[in-house]
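I have placed the structure first, in the form of structure tokens, so that the comments after it can refer back to it.
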Amino acid sequence: MRVLLVDDNPLDLTMLRFLTGDINALIEEGESVEEAIEAVQRFNFDLILTDFELADGQATELLHFVRKFSPQTRVWCISASVGSTDFTHQRAQFDRIYAKHQDFKKLQADFGGFAQVMSRA
């Protein structure tokens with residue numbers, strides 16, 4: 001299983017890295033939409049965990065690229081803006097949405113389940 005972690009906040013990227021630590025997965029990291037798109041062009045990812053607001057844009061830019069270039073890839077979004085109107089409009093496009101710093105246990109459980117499914121594939 002190959003996973004891409006995308007967040008421009010080093011502390012949050014560390015949290016995502018911790019989340020994936022016990023799972024046998026190849027992990028790539030990016031801090032921007034541009035870095036994430038470059039990674040998607042180089043590798044086939046099973047899952048992308050991305051922050052919504054990145055320094056050079058929003059995760060929707062990455063999502064649109066992934067849907068065209070690698071439609072089988074799951075894209076899960078983590079955001080502090082889960083309740084905002086702007087974000088609500090975008091949320092239907094992501095495979096899953098998590099509230100940053102609130103849904104960590106749910107994200108961890110979902111990631112573990114996803115890893116189990118992928119290991120059987």
Condition met for residue 39 (buried (at least 16 other Cβ atoms within 10 Å of the Cβ), under 15 Å from residue 115 (Cβ atoms) and among the hydrophobic types (A, V, I, L, M, F, W, C)): no
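Can you tell me which residues in region 1-44 are of a type in the set (Val, Ile, Thr) and within 19 Å of residue 111 (Cα to Cα)?
The initial filter retains those residues of region 1-44 that are of a type in the set (Val, Ile, Thr), namely 3, 6, 14, 20, 23, 27, 33, 37, 40.
Of everything in region 1-44, those that are of a type in the set (Val, Ile, Thr) and within 19 Å of residue 111 (Cα to Cα) turn out to be 3, 6, 14, 20, 23, 27.
Looking only at region 14-32, which residues are among the acidic types (Asp, Glu) and more than 20 Å from residue 53 (Cα to Cα)? If you could, list the steps in order and put the result at the bottom.
Just the residues of region 14-32 that are among the acidic types (Asp, Glu), to begin with: 22, 28-29, 31.
Across region 14-32, the qualifying residue is only 22.
Is it the case that residue 111 is part of a helix (DSSP H, G or I), out of contact with any Lys or Arg (no Cβ under 8 Å at 6 or more places or on another chain), at pLDDT 85 or above and surrounded by 16 or more Cβ atoms within 10 Å (Cβ to Cβ)? Write out each step before concluding.
Working: part of a helix (DSSP H, G or I): yes; out of contact with any Lys or Arg (no Cβ under 8 Å at 6 or more places or on another chain): yes; at pLDDT 85 or above: yes; surrounded by 16 or more Cβ atoms within 10 Å (Cβ to Cβ): yes.
Here the answer is yes, as residue 111 does meet what is asked.
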Leading residue by the ranking (modelled with the lowest pLDDT) among those in region 17-72 that are of a type in the set (Val, Ile, Thr) and more than 27 Å from residue 120 (Cα to Cα): 60
Test result for residue 2, farther than 18 Å from residue 81 by Cβ, surrounded by fewer than 17 Cβ atoms within 10 Å (Cβ to Cβ) and modelled with pLDDT of 90 or more: yes
Pairs, first farther than 17 Å from residue 75 by Cβ in region 87-113, second part of a helix (DSSP H, G or I) and at pLDDT below 85, C-beta under 8 Å, six or more apart: 104/19; 108/19
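Can residue 87 be described as of a type in the set (A, V, I, L, M, F, W, C) and either modelled with pLDDT of 90 or more or surrounded by 18 or more Cβ atoms within 10 Å (Cβ to Cβ) (or both)?
Details: of a type in the set (A, V, I, L, M, F, W, C): yes; either modelled with pLDDT of 90 or more or surrounded by 18 or more Cβ atoms within 10 Å (Cβ to Cβ) (or both): yes.
Yes.
The values are calculated or read from the model by the stated rules, or taken from the named source; none is laboratory data. All values derive from a computational prediction rather than experimental measurement. So basically every Cβ, Gly included, is an ideal-geometry build from the backbone, and we count neighbours across all protein chains shown.
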